[in-house]
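Read-outs throughout are calculated quantities, based only on the coordinates presented, and are distinct from any laboratory measurement. A quick note: this is a predicted structure, and the numbers were derived from the prediction, not measured. In this analysis, Cβ positions are derived from the backbone assuming ideal geometry, glycine residues included, and neighbour counts consider all displayed protein chains.
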Amino acid sequence: MRTLAFYGKGGIGKTTVATNISVLFAKNGQRVLQVGCDPKHDSSYKLVPRDQVRTVMGLLAADGARTPTREQVVMHGRMAVDCVETGGPEPGVGCAGRGITRMFEVLSEAKVLEAGYEVVVYDVLGDVVCGGFAAPLRRGFAREVYVVASGEIMALYAANNICRAIATHARNGVALAGIIANLRGSSRERSTLQSFASRIGSRLLHAIPQHELVQQAERESRTVIEHAPESDIAHHYEALFAQVLATTQADWCVPSPLEDAEFERFVFETMVG
């Protein structure tokens, strides 16, 4: 079973990338589970009608004395992708990180990952800001990590922090499989991302350009692959998927994240100077 985690700065497009990759794995014949690790429970909305989404934390709140069953936890989404949503507390109440940790306990207790999946995709909330958000790495659930980034400073800053977490938990078999460029059109973007990937000892994968069809698909709660399968942007996702599909452990690395002063120099040299 391949276990992939998609990380990156909040709003960088992780869910869009992860969901299109999940659909392409399913179209390729693999049995796929996508796990949304976000209290907003929005990872599956392109695959499951919003009014039918149920969350692990919601199920626990309804009957906290019992672990939900596999049938309760797993939602069968369109495009043959099964989905799990963590959910979590209302904004300003409770700890989302603790909710993610509890969700992984439920996955184990309900034997969700023993249901014959060939690919599990973890779509993880934002930057690694606490041990809860690092749970896929810390607990060894995800081994193959992809960081989604643009050429903007804060996206790279988040990517660098995520690489720190990967290096910290490398003893669990976790490794960086590559940087995915979700382009925003900033100056020197591709060269900056290529330089960053090289500096941390990794590789830059196929770049996803900006395209209005991505927003159109989002408004219709669909993936690009379902919404416009013959479009140029769909072909970009397919090119990225081909690289992910072909990835082996030989492509993995334990990244060498930049220290703060190094990162500042990198920004000046590649984006300012």
Theoretical FRET efficiency, 1/(1+(r/R0)^6), r = Cβ-Cβ of D51 and R31, R0 25 Å, to 0.05: 0.45
FRET efficiency, H76 to Q215 (Cβ-Cβ, R0 30 Å, nearest 0.05): 0.65
Separation of the R98 and E230 label points, Cα + 7 Å toward Cβ, nm: 5.3 nm
Mean residue ellipticity (222 nm) of the chain, computed from DSSP H runs ≥ 4 via -39,500 (n - 2.57), nearest 500: -11000 deg cm²/dmol
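Can you pull the Kirkwood radius for the stretch 147-262, inverse mean 1/r over Cα pairs, to one decimal in Å? Please list the in-between numbers first.
Numbers: mean 1/r = 0.0657 Å⁻¹.
Computed over the stretch 147-262, the radius equals 15.2 Å.
Which longest uninterrupted range of the chain lacks any GluC sites (Glu not before Pro) assigned by DSSP to a loop state (not H, G, I, E or B) and surrounded by at most 11 other Cβ atoms within 10 Å?
On the way: sites that count: E220, E230, E259.
Answer - 1-219.
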Share antiparallel - DSSP beta bridges, the stretch 2-272, percent rounded to 5: 10 percent
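Would you please give the FRET efficiency between F268 and R164, computed as 1/(1 + (r/R0)^6) with r the Cβ-Cβ distance and R0 = 25 Å, to the nearest 0.05? It would help to have the intermediate numbers written out before the result.
Details: r = 21 Å, r/R0 = 0.82.
That pair, F268 with R164, gives E of 0.75.
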Choice from A61, A197, A18 showing the highest fluctuation, given a GNM over the chain with Cα pairs closer than 10 Å: A61
Cut-off under 5 Å, modelled amide H: who pairs with L125 long-range: C37
Extension gain (nm, one decimal) between S198 and D260, 0.36 nm per residue minus Cα-Cα: 20.6 nm
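Kirkwood hydrodynamic radius, computed over distinct alpha-carbon pairs, for the chain: how many Å, to one decimal?
Details: mean 1/r = 0.0534 Å⁻¹.
Over the chain, the inverse of the mean reciprocal pair distance is 18.7 Å.
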E85 long-range amide H proximity, modeled H, under 5 Å: G36, V56
Contour minus Cα-Cα distance for Q249 and R66 (0.36 nm per residue): 62.0 nm
Length-normalised contact order of the stretch 2-272 in % [C-alpha pairs under 8 Å, at least 6 apart]: 23 percent
Full-stretch length increase - R190, E105 - with 0.36 nm per residue and alpha-carbon distance subtracted: 26.7 nm
